[in-house]
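Bear in mind that the values in this text are calculations on the coordinates, not laboratory data. This structure is a prediction, so every number in the text was calculated from the model and none was measured. Heads up, the Cβs are rebuilt from the backbone with ideal geometry, glycines too, and the neighbour counts pull from every protein chain shown.
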Amino acid sequence: MSSKEAKTRTKILEATWKLMEQNQGQGVRMSDIAKSAGVSRQAVYLHFESRVDLMNATTKYVDEVLGLDERLQCVSDAPSATKALELFIEVWGNYIPEIYGLSKALLAVRDTDEAASKAWDECMSCLRNASRDIVEGLNQSKVLSSQWTNDAAGDLLWTMLSVQNWEQLINDCGWSQTQYVDGMTKMIQASILD
């Protein structure tokens, strides 16, 4: 990909991210994205086959810009499975506020927008798989409570760390970000560890 093509692609991804957050996902059409990016609608389709492709690429772009992989490196480098769990909760819990606008937009239109639904499902599938990997490490280290199967504990971890739970605790219950991360860490550890 040439430098010019890469710049155009980035402009399209930035415009999509901005419009999705600004409009809470409502009525964001390819033509709106093209206009906001300052490119033709045809240029959008030259870079992205479909709206599904664009939405998936946008969520990956957001993770790249915000450095999610780099943040998660500490989880991989953790000296123990229990420390990996603690760091995973901390990294993801502190990442949610940064992606909340886009997450809320995707959730708002998930039932009526196939592209948004597929992008959301792919993101959540990655989080679910990461949760199961964490639990597998706990099981291998023999610190996972015997009352849980790997799948069930992974699903519980994934669900407890959902954007929706963060939203309720922060926005509806008035928890601080620190209170959220500390509370989730304690609740999850008490729920799934021996």
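Among the residues of region 111-119, is there at least one that is within 11 Å of the chain's Cα centre (by Cα) and under 25 Å from residue 21 (Cβ atoms)?
Yes, that holds for at least one residue.
Being among the aliphatic types (A, V, I, L, M), closer than 17 Å to residue 41 by Cα and surrounded by fewer than 18 Cβ atoms within 10 Å (Cβ to Cβ) is the filter here; which residues of region 1-28 pass it?
6
Give me the pairs, please: first residue somewhere in region 62-86 and closer than 22 Å to residue 104 by Cα, second residue anywhere and assigned to a helix (DSSP H, G or I) and of a type in the set (Asp, Glu), beta-carbon distance under 7 Å, and either six or more positions apart or on two chains.
Pairs that qualify, where the first residue is closer than 22 Å to residue 104 by Cα and the partner is assigned to a helix (DSSP H, G or I) and of a type in the set (Asp, Glu), are 66/98.
Within region 56-69, does at least one residue satisfy the condition of being surrounded by 14 or more Cβ atoms within 10 Å (Cβ to Cβ) and touching a Ser or Thr at 6+ places or on another chain (Cβ under 6 Å)?
Yes - at least one qualifying residue is present in region 56-69.
Against the conditions (1) over 22 Å from residue 75 (Cβ atoms); (2) surrounded by 14 or more Cβ atoms within 10 Å (Cβ to Cβ); (3) free of Cβ contacts under 8 Å to residues at least 60 places away in the same chain, where does residue 128 fall short? Just the number, please.
Just one mismatch for residue 128, condition (1).
Do we find that residue 39 is over 21 Å from the mean Cα position of the chain (by Cα) and among the aliphatic types (A, V, I, L, M) in this structure?
yes
From 134, 192, grab the single residue that is closer than 27 Å to residue 60 by Cβ and either of a type in the set (Phe, Trp, Tyr) or over 13 Å from the mean Cα position of the chain (by Cα) (or both).
Sole residue among the options that is closer than 27 Å to residue 60 by Cβ and either of a type in the set (Phe, Trp, Tyr) or over 13 Å from the mean Cα position of the chain (by Cα) (or both): 134.
Filter region 83-104 for residues that are over 16 Å from residue 56 (Cα atoms) and polar (S, T, N, Q) and give the result.
Within region 83-104, just 94 meets the criteria.
Within region 95-135, track down each residue that is polar (S, T, N, Q) and part of a helix (DSSP H, G or I).
Here is the first cut: in region 95-135, the ones polar (S, T, N, Q) are 103, 112, 117, 125, 129, 131.
Those that are polar (S, T, N, Q) and part of a helix (DSSP H, G or I): 103, 117, 125, 129, 131.
Could you grab the pairs with beta carbons closer than 6 Å, sequence gap of 6+ or different chains, first residue in region 105-120 and under 18 Å from residue 61 (Cβ atoms), second one among the charged types (D, E, K, R)?
As it stands, the answer is 105/21; 115/51; 116/110; 120/110, since those pairs meet every condition given.
Please enumerate the residues belonging to region 124-180 that are among the hydrophobic types (A, V, I, L, M, F, W, C) and touching a Gly at 6+ places or on another chain (Cβ under 8 Å).
The answer is 134, 135, 161, 166, 169, 175.
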